[in-house]
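Reading through the structure tokens given below for one structure.
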Amino acid sequence: MDLLNGLLSVLTLEYLAYSFVGCLLGTLVGVLPGVGAASAVAILFPFTTFLPPTGMIITMAAIYYGAQYGGSTTAILVNVPGEVSSMVTAVDGYEMTKRGKAGPALAMAAIASFLAGIVGAVVVALVGPSVARLALLFGPAEYFGLGLFSLTAIAALAGSSLFRAVLVTLFGMLLASVGFDDSSGLPRLTFGQAPLLQGFDLVPVMIGLFGVGEVLSSLQEKAGPAITSRIGKLMPEPAELKAGLAAASRATGISLILGLLPGMMPSIGSFLSYSIERYRSSEPQRFGKGAIEGVASAEAANNATAMSNLIPLLGLGIPTGPTMALMLAAFTLYGIVPGPLLFTQQADLVWTLIGSFFVGNVILLILNLPLVGLWVRLSTIPYPILAPIILVVCMVGAYSTRNSMFDVWVCALFGLLGWIMRARGWPLAPLVLAFVLGPMIERAGRQVFAISPELLLHRPAFWAFIVLGFVVIWASSRLAVRGELSD
């Protein structure tokens, strides 16, 4: 009944407009070379803050999964992945383009994304309330353990170097401590600078790391090749469609489960699902040479993981990646706290948001297939023309959050930091998540030790999270050795 009410709410003209605009902007930014989903949400976030709470959340979510859809276009057509998860799509998608099968590759990517998105929305509707009810049993010890597990998982799954991920995580927590200490009311790490008393705002930090940093990295690299192959007919052959749908279904099931884990971002889901699909194939040599199952599994996986990532955010208030951190910022901007009470205190908002997932995926299917010619032309815009426009939008967005030039300088500084980290192979996700989760972990830890450290000995859930953290470290080390875990 709650889901039905949410669907009826989102089918009003106002909310349909929010979904459509978000999907259109997300797809538009997603198809542009060098701009991924995280960058799209970071860049466009400040321009949605004038909307009412429900409208803003719906638009932000639509931008997110719209960019996930759009990122496959440049990966398939010009071999320029907008983000890490699209790299897997490019492996077989671009090979299909070179063989004159760009149309079927694009259609399969859209169909697989739609399938994963709809199934993911159903899972969010079914599992989200149960996770929220479970979280009602959590106290400071459980949140302390959950926070530690989240940071451990994010660091372990961020890339091939655990040492680098740990250092970046510690740096993120250090950045989160800048400003006033909530407990003592004293300034920390401000070095006598008045602007630092407010601490670093999440939005200019994210715009810098993912917007400015992505632009600088893309300018450093040569632009992708122009499209030389015809797109041809869109629909795959019946045998290809059957194989692609089967691969998409398997990847969706796997990634929906994986996406519940903190640190399991769409890129990791894509790599793992693609590897599993190749492993189980009777003709693994076809992968990397234009196998439509490779395109389907990668696209279904990143969209299913993206949808599943929303469950920890809505039910526990824990973001699983940089984009979810911005979604958390969107909630807190209006004083809405994701977590155990969200499904009861903000029932109308959360069910309207879940209803918008279904509507948004239908809108994206309509946008992606008939308008593929438009997205093709947009994806060939020369990057030297595109980059200055994106940089200006980034700076305007950073300034608009608090109308402060300090935030513009923060954006520029973190843009340089993001560029350097990408160039040197240092992961960005642990920094962002530590920056977001740091205050929660500190607050829960202080509450535990204020009561008694012995409290931890009587909380099985705390130790379960600690054990899970060690399991994730072990699993990630195995994946790193096999070369399946990438930054």
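Computed from the coordinates by the stated procedures, all read-outs in this text should not be read as laboratory data. Since the model is a prediction, treat every value here as computed from it, not as a measurement. Heads up, the Cβs are rebuilt from the backbone with ideal geometry, glycines too, and the neighbour counts pull from every protein chain shown.
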Legend entry - Sites Ala239 and Arg443 - FRET efficiency at Förster radius 60 Å, r taken between beta-carbons, to 0.05: 0.60
Legend entry - Packing-based exposure ordering (other Cβ within 10 Å, fewest first) of Val471, Val215, Val205: Val471, Val215, Val205
Inset, instruction - Could you quote the convex hull projected area for the chain, Cα atoms only and averaged over all directions, in nm²? - result: 22.0 nm²
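What's the longest piece of the chain with no exposed trypsin sites (Lys or Arg not before Pro), counting a site as exposed if DSSP puts it in a loop and it has at most 14 other beta carbons within 10 Å? Mind showing how you got there, number by number?
Working: sites that count: Arg99, Lys222, Arg230, Lys233, Lys289.
Here the longest run is 290-487.
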Legend entry - Paramagnetic reach from Leu51 in the stretch 294-324 [backbone N under 17 Å; point 7 Å along Cα→Cβ]: 323-324
Inset, instruction - Measure nothing fancy, just the Cα-based angle from helix 140-157's long axis to the longest principal axis of the chain, in degrees from 0 to 90, nearest 10. - result: 40 degrees
Inset, instruction - List the relative contact order of the chain as a percent without decimals, with contacts defined as Cα pairs under 8 Å and 6+ residues apart. - result: 30 percent
Legend entry - Length released on extending from Val127 to Met405, taking residue separation times 0.36 nm less the Cα-Cα span: 95.8 nm
Inset, instruction - Note the angle between two axes, namely the Cα long axis of helix 266-280 and the longest principal axis of the Cα atoms of the chain, as a number of degrees from 0 to 90, rounded to the nearest 10. - result: 50 degrees
Inset, instruction - Report the charge-dipole magnitude of the chain in Debye, nearest 20, computed about the Cα centre from +1 at each Lys and Arg Cβ and -1 at each Asp and Glu Cβ. - result: 900 debye
Legend entry - Contour excess over end-to-end distance, with Cα ends at Gln285 and Gln193 and 0.36 nm allotted per residue: 27.2 nm
Legend entry - DSSP loop chymotrypsin sites (Phe, Trp or Tyr not before Pro) with at most 11 other Cβ within 10 Å excluded, longest remaining stretch of the chain: 192-487
Inset, instruction - Subtract the Cα-Cα distance of Val166 and Leu341 from 0.36 nm times their separation in residues, and report this length gain in nm to one decimal. - result: 59.8 nm
Legend entry - In the chain, lysine pairs closer than 21 Å at Cα, eight or more apart or cross-chain: 9
Inset, instruction - Any chance you could give the angle, 0 to 90 degrees and rounded to 10, that helix 322-333 forms with the longest Cα principal axis of the chain? - result: 50 degrees
Inset, instruction - In nm, give the distance between the simple-model label positions of Ile420 and Ala475, each being 7 Å from the Cα along the Cα-to-Cβ direction. - result: 3.4 nm
Legend entry - Likely footprinting exposure, Asp181, Asp201, fewest C-beta neighbours within 10 Å first: Asp181, Asp201
